[in-house]
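Here the structure comes first, spelled out in C-alpha cells, and everything after it is commentary.
Every number in this text was worked out from the coordinates using simple rules, so none of it is lab data. Computed from a prediction, not measured in an experiment: that's the story for all the values here. All Cβ positions, even for glycine, are placed from backbone atoms using ideal geometry, and neighbour counts span all protein chains on display.
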Amino acid sequence: MAALFLMSSGSKLTGSQEMVTNFEKWGLSGWLTIVGIGELVSAILYLIPRTSSLGVLLLSAHMGGAIVTHLCHGEPFVFQAVILVLVWVGNYLRNPEMLASFTK
C-alpha cells in the first residue's frame with residue numbers, strides 16, 4: 001500500500017501531465033504540490049511501525065478527500081474506497097495492536 005502512495009505522491013510532486021490535468025479539471029490546480037507532500041508524509045508514517053497508526057489516520061483523510069472529490073464530479077469512487085479499506089486491513093494485519101493505540 002505504501003508503494004502505491006509513494007508512486008502517487010511522486011507523480012504529483014513531479015507534475016505528471018495526468019495529475020495536472022485531473023487537478024485542473026477538479027479545480028484544485030494550486031493544491032497539487034501540497035497534496036503530494038501530504039501524501040508522501042502520510043505514506044512514510046504508514047511505513048514506520050511506531051507511527052503507522054498516525055499514517056493510517058492521515059491516509060484515511062487523504063482517501064476520504066479523494067472519494068469526495070470524485071463524488072462531487074460524478075466520477076466513480078469505488079477504487080478509492082477499496083484502497084481505503086486496504087490501508088486499514090493491511091496495517092491491521094501488519095500491526096494487530098493498531099486499534100488498541102486509539103484507546104490509550
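Numbers at a glance
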| item | result |
| --- | --- |
| Which listed residue, of L13, L40, is surrounded by fewer than 20 Cβ atoms within 10 Å (Cβ to Cβ) and more than 30 Å from A100 (Cβ to Cβ) | L13 |
| Number of the exception - N22 against (1) in a loop (DSSP other than H, G, I, E, B); (2) at negative phi | (1) |
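Conditions (1) in contact with a Ser or Thr (Cβ under 7 Å, 6 or more places away or on another chain); (2) on the phi > 0 side of the Ramachandran plot; (3) surrounded by 15 or more Cβ atoms within 10 Å (Cβ to Cβ); (4) in contact (Cβ under 8 Å) with a residue 24 or more places away in the chain, marked per residue:
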{"residue": "I48", "(1), (2), (3), (4)": "no, no, no, no"}
{"residue": "V56", "(1), (2), (3), (4)": "no, no, yes, yes"}
{"residue": "S60", "(1), (2), (3), (4)": "no, no, no, yes"}
{"residue": "M63", "(1), (2), (3), (4)": "no, no, yes, yes"}
{"residue": "A66", "(1), (2), (3), (4)": "no, no, yes, no"}
{"residue": "H70", "(1), (2), (3), (4)": "no, no, yes, no"}
{"residue": "F79", "(1), (2), (3), (4)": "no, no, no, no"}
{"residue": "I83", "(1), (2), (3), (4)": "no, no, yes, yes"}
